[in-house]
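The values are calculated or read from the model by the stated rules, or taken from the named source; none is laboratory data. None of the values given here were measured: they were computed from a predicted structure. Ideal geometry is used to build each Cβ from the backbone, glycine not excepted, and the neighbour counts take in all protein chains shown.
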């Protein structure tokens, strides 16, 4: 969950998705990036030869969880047509996993990914930048983007609750994603 606002719209939408995935037989774990201490990438390139990041913070555990996961779901609000800084720091630090792939290590690309995105505006290209970033993130970890749901004009905390169709879609998508 990439929002810095716990209990907000991304969090609630992800809960609906995970409930559906649970009904489909999946066992999921929600990780709130805002609870983690993740330093930004310093572009030191130490990972280029080892596939390992030299920064010792909560990414150490995230790398392990990403390696073990059968599927990955990202839920996030859109901030200025992109992803929140907390989530972007996690994504940038996955450069190490991209180098790990180049070194012939790490999991294969045969696992699914999904994105849940919410934005406050009606912008025609509101989700384009975030989806592009997520696609490249999934290539780095590796996974494939199997699908996404994106909802516009949802801003105030809890506003997603006034959109039961969005929660229902997320629930159904989670169930399908588990299968």
message = Name the single residue that is modelled with the lowest pLDDT among those in segment 18-35 being within 14 Å of the chain's Cα centre (by Cα) and not in a helix (DSSP H, G or I).
response = 28
Every pair of residues 6+ apart whose Cβ atoms lie under 9 Å, when the first sits in segment 153-179 and is on the phi > 0 side of the Ramachandran plot while the second is in a helix (DSSP H, G or I) and at pLDDT 95 or above = 153/159; 158/9; 158/12
query = Which ones in segment 121-148 are surrounded by fewer than 18 Cβ atoms within 10 Å (Cβ to Cβ), in contact with a helix residue (DSSP H, G or I) (Cβ under 9 Å, 6 or more places away or on another chain) and either in contact (Cβ under 8 Å) with a residue 40 or more places away in the chain or over 22 Å from residue 69 (Cβ atoms) (or both)?
reply = 139
request  = Can you give me the number of residues within segment 108-120 that are farther than 22 Å from residue 4 by Cβ and in contact (Cβ under 8 Å) with a residue 60 or more places away in the chain?
outcome  = 1
key: Residue count for segment 70-96, restricted to those that are part of a loop (DSSP other than H, G, I, E, B) and either at pLDDT below 95 or closer than 16 Å to residue 117 by Cα (or both)   = 6
request  = With the condition kept exactly as written, say whether any residue in segment 57-67 is touching a residue at least 60 places away in the same chain (Cβ under 8 Å) and farther than 13 Å from residue 87 by Cα.
outcome  = yes
task = Confirm whether residue 15 is modelled with pLDDT under 95 and closer than 19 Å to residue 179 by Cα.
result = no
ask   = Looking at (1) buried (at least 22 other Cβ atoms within 10 Å of the Cβ); (2) assigned to a loop (DSSP other than H, G, I, E, B); (3) under 15 Å from the mean Cα position of the chain (by Cα), which is the only condition residue 53 fails?
value = (3)
